[in-house]
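Okay, so here's the structure we're looking at.
Every read-out reported here was derived from the displayed coordinates using simple, explicitly stated rules and does not represent laboratory data. Just so you know, these numbers come straight off a predicted model, no measurement behind them. With ideal geometry, Cβ positions are generated from the backbone for all residues, glycine too; neighbour counts draw on all protein chains shown.
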Amino acid sequence: MLTNCQVGELLARKAELEKDHFQRALKKAARRSLTWPVEAHRLWAEAQSLQSLEGIGPVLSGLLADWFENPPLVPQVDPLRANFITWSMLSHPWRARGDLQMHTLWSDGSNQIAEMVDTARSRGYEYIAITDHAGGLKIANGLSQERLAAQAEEIQSINHGAPGFTVLRSVEANLSPDGSIDVEDTQAMDLVLACFHSQLRLREDQTDRYLSALRNPRVNILGHPRGRIYNFRLGLQADWERVFGVAAELNKAVEIDCFPDRQDLDVARLELARQAGCHISIGTDAHAAHQLHFMELGLEAAWRAGIPEHRILNFKSAQEIRAWAAQ
Ligand SMILES: [Zn+2]
């Protein structure tokens, strides 16, 4: 019986043999297999349409049916696609109190802050952190200092109008290899998430740049630490025990970016983070309100790695998170 994880691998391998439109369709379906709500094999066994699965049209539905009928040998998962959790594997018992990474129309997202708040409330959250990109990241429509200030006003008025719910003021700052960030003034922010966005394909050990980032006193959370992307980029290497050890020592958090094709950190690194004792922040990296449910993938990774609840920021209140970031 083929799992969705194996189907994804077969799709990605077949994509390598094809070209143009068909190749793109195969790659897309491989990526989408991460969030299919049920095992495709089960749909097939129950004679239900496979075309209810995202990325699967008539042609790929026939291909999957052939595979289920006569299961091919599935090669070992390529490292580019290894250690991703698929939606149908979810089994954790947890509920987050809030989400700590998302983007809005202010940068490269597609919803207003108020729309993110509505969806967050419908998920039972007490807070969200708005982490639009900052100035240095031009491709993501990064915010200047002036626009960050204008956004702060909008957040303030939303917070006034939404008792019992808190929009935390944050940012996804861009980290330079020397650990500096592209936001001039972070004084008035509730917390600062910072990420590397360049030189993400280097194969040499990158421990030094992680340590520089963690030692920047303005950085609270190291976001999508490895920079890996499913079927696209492996992610950076470092002496993770050392990196997480320094994070614990400096009271910083490392992130689980829940976006399905990121899932960064993964379970193996999270086990090292657990041993080091640093805080974990979980953020969906949602670029639209309907993506806030990606939270489940991050909770699953933390749960599988055995991270104690008191180390996970998303199980704290908004006030506790503010206090943690301020110290
Ligand atoms: Zn980013």
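Which GluC sites (Glu not before Pro) does the stretch 1-53 hold that lie in a coil by DSSP with at most 15 other beta carbons within 10 Å? List each step's numbers first, then the result.
Values: sites: Glu9, Glu16, Glu18, Glu39, Glu46; in loops: Glu18, Glu39, Glu46.
Within the stretch 1-53, the qualifying GluC sites (Glu not before Pro) (loop, at most 15 other Cβ atoms within 10 Å) are Glu18, Glu46.
If you take every residue apart from Glu16 with its C-beta less than 13 Å away from the C-beta of Glu16, what net charge results, scoring Lys and Arg +1 and Asp and Glu -1?
+3
How do Cys195, Cys5 rank when sorted from fewest to most other Cβ atoms within 10 Å of their own Cβ?
If I rank by nearby Cβ atoms, fewest first, I get Cys5, Cys195.
Please identify every one of the trypsin sites (Lys or Arg not before Pro) in the stretch 199-236 that sits in a loop by DSSP and has no more than 12 other beta carbons within 10 Å of its own beta carbon. Spell out each step's value before the answer.
Details: sites: Arg201, Arg203, Arg209, Arg215, Arg218, Arg226, Arg228, Arg233; in loops: Arg201, Arg203, Arg218, Arg226, Arg228.
Here the sparse-neighbourhood loop sites are Arg201, Arg203.
Hey, with R₀ at 41 Å, roughly what FRET efficiency would Ser144 and Phe232 work out to, going by the Cβ-Cβ distance, to 0.05?
That pair, Ser144 with Phe232, gives E of 0.90.
What is the total of Lys pairs in the chain with C-alpha atoms under 25 Å apart, excluding same-chain pairs fewer than 8 positions apart?
Taking the Cα cut-off of 25 Å, the pair count is 5.
Using the Karplus equation 6.51 cos²θ - 1.76 cosθ + 1.60 (θ = phi - 60°), what ³J(HN,Hα) coupling, rounded to whole Hz, does each residue of the stretch 12-22 give in order, writing x for Gly and Pro?
5, 5, 5, 4, 5, 9, 10, 9, 6, 4, 5
For Asp261, which sequence-distant residues (separation of 5 or more, or a different chain) have an amide H within less than 5 Å of its own amide H, given hydrogens modelled in the peptide plane?
Result for Asp261 returns nothing.
Using modelled amide H (1.01 Å from N, peptide plane; none on Pro or chain starts), what sits under 5 Å from the amide H of Ala173, excluding residues fewer than 5 places away?
Leu193, Ala194, Cys195
Could you pull out the trypsin sites (Lys or Arg not before Pro) across the stretch 1-99 that fall in loop regions by DSSP (anything but H, G, I, E, B) with no more than 13 other Cβ atoms inside 10 Å?
Taking the stretch 1-99 and a limit of 13 other Cβ atoms within 10 Å, the loop trypsin sites (Lys or Arg not before Pro) found are Lys19, Arg95.
Order by neighbour count: His133, His21, fewest other Cβ atoms within 10 Å first, most last.
His21, His133
Return the distance in nm (one decimal) between the two label points of a simple spin-label model at Met89 and Ser198, each offset 7 Å from Cα along Cα→Cβ.
Going from the Met89 label point to the Ser198 one covers 3.4 nm.
Set the Förster distance to 56 Å, then compute FRET efficiency between Glu249 and Val38 from the Cβ-Cβ distance, nearest 0.05.
0.80
Post the alpha-carbon centroid distance, the stretch 212-274 to the stretch 12-86, in whole angstrom.
29 Å
Specify the angular offset, from 0 to 90 degrees and rounded to the nearest 10, of the alpha carbon long axis of helix 295-304 from the longest principal axis of the alpha carbons in the chain.
Here the helix axis deviates by roughly 90 degrees.
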